[in-house]
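The values are calculated or read from the model by the stated rules, or taken from the named source; none is laboratory data. Since the model is a prediction, treat every value here as computed from it, not as a measurement. A quick note on method: Cβ atoms are made from the backbone with ideal geometry, for glycine too, and the neighbour counts reach across all protein chains shown.
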């Protein structure tokens, strides 16, 4: 299965949910107010979000539906075009390109979203694009996180800087950057703790890591990536808000899109926050991270092609 086929397959549940839902609602050629309201309610229930659903409803209301075409297909096309217009500006393919200067990326996300696995996949793409890469194991309060990142280090052939469980995360980050400088490594991926239960500790830890990084390079961190689990639905909006309070998120990666009908939540986030989308996780293998492409997302979400 090629990457785009895997991408489409990952959105199959979301696409089937959208198409079947629209077919149940749209039973006649003409779209009246009652049908419009039902479409809006359905889109909200599909995690597209209130703001986006309201806009899509307005577009449908204003557009003349071609009586020669299937009404469901016409509405689906409106949805596809809406996604393209909303999400094309949020592409950031340059994130994965080779860098000539030291580039430090903080990777955050609550426990269980696939954060460490995502770091492994990002490292693989960086390497494939010709970059020297380093993993920094700063999720030091979870021994399993260090071991998991070490396993990915071996799997994709990327060196790792780590310390004993319970060590100061900021000190590990500092050692990592020094190692990168001494070994001419341009891409440093820092794994950070993901506990939201105690927000103050998490906030203090993040700030400390960020401050230590700034002492070595005042322009760093160059990116702060938040990894989100698609199966969490609307909860991921709360996660984005909480992490954004700590340090500004510059890019999102959505995981576990291969087993959920919750793909619409990415539309809701895009509408509300306009945060760039870096990639989408479609499985557990090292090649299962798809660099975000709005057209591919729109096609897969509406299953037009």
Any hit, region 68-76, residues being in contact (Cβ under 8 Å) with a residue 60 or more places away in the chain and either crowded, with 17+ Cβ neighbours inside 10 Å or in a strand (DSSP E or B) (or both): yes
Residue list for region 283-305, restricted to those being surrounded by 19 or more Cβ atoms within 10 Å (Cβ to Cβ), assigned to a loop (DSSP other than H, G, I, E, B) and either touching a strand residue (DSSP E or B) at 6+ places or on another chain (Cβ under 6 Å) or at positive phi (or both): 283, 292
Which numbered condition residue 110 misses (of (1) more than 19 Å from residue 292 (Cα to Cα); (2) surrounded by fewer than 20 Cβ atoms within 10 Å (Cβ to Cβ); (3) touching a helix residue (DSSP H, G or I) at 6+ places or on another chain (Cβ under 7 Å); (4) modelled with pLDDT under 90): (2)
Any hit, region 103-120, residues being in contact (Cβ under 8 Å) with a residue 12 or more places away in the chain and over 19 Å from residue 192 (Cα atoms): no
From the options 61, 15, residue that is in contact with a helix residue (DSSP H, G or I) (Cβ under 8 Å, 6 or more places away or on another chain), part of a helix (DSSP H, G or I) and within 23 Å of residue 300 (Cβ to Cβ): 15
Exclusive hit being under 21 Å from the mean Cα position of the chain (by Cα) and in a helix (DSSP H, G or I), set 202, 226: 202
Failed item in (1) at pLDDT 95 or above; (2) part of a loop (DSSP other than H, G, I, E, B); (3) surrounded by fewer than 18 Cβ atoms within 10 Å (Cβ to Cβ), with residue 179 passing the rest: (2)
Evaluation of residue 218 against (1) assigned to a helix (DSSP H, G or I); (2) within 19 Å of residue 248 (Cβ to Cβ) (one fails), failing number: (1)
Candidate set from region 113-127 (those that are closer than 13 Å to residue 291 by Cβ and in contact with a helix residue (DSSP H, G or I) (Cβ under 9 Å, 6 or more places away or on another chain)); member that is surrounded by the fewest Cβ atoms within 10 Å (Cβ to Cβ): 125
Only listed residue being under 24 Å from the mean Cα position of the chain (by Cα) and on the phi > 0 side of the Ramachandran plot, chosen from 94, 47: 47
In region 263-276, the residues that are touching a strand residue (DSSP E or B) at 6+ places or on another chain (Cβ under 9 Å) and either surrounded by 22 or more Cβ atoms within 10 Å (Cβ to Cβ) or in a loop (DSSP other than H, G, I, E, B) (or both): 263, 265, 266, 269, 270, 275, 276
Verdict on residue 104 being at pLDDT 95 or above, buried (at least 16 other Cβ atoms within 10 Å of the Cβ) and farther than 24 Å from residue 274 by Cβ: no
One residue from 153, 136, 131 being surrounded by fewer than 21 Cβ atoms within 10 Å (Cβ to Cβ), on the phi < 0 side of the Ramachandran plot and either part of a strand (DSSP E or B) or in contact with a strand residue (DSSP E or B) (Cβ under 9 Å, 6 or more places away or on another chain) (or both): 131
Output for region 35-55, where each listed residue is farther than 22 Å from residue 65 by Cβ and either assigned to a helix (DSSP H, G or I) or touching a strand residue (DSSP E or B) at 6+ places or on another chain (Cβ under 7 Å) (or both): 45, 50, 51
Scope region 23-53; condition surrounded by 15 or more Cβ atoms within 10 Å (Cβ to Cβ) and under 15 Å from residue 267 (Cβ atoms); matching residues: 39, 40, 42, 43, 44, 46, 47, 48, 49, 52, 53
Residue in region 78-88 that is closer than 24 Å to residue 269 by Cβ, in a helix (DSSP H, G or I) and out of contact with any helix residue (DSSP H, G or I) (no Cβ under 7 Å at 6 or more places or on another chain) present: yes
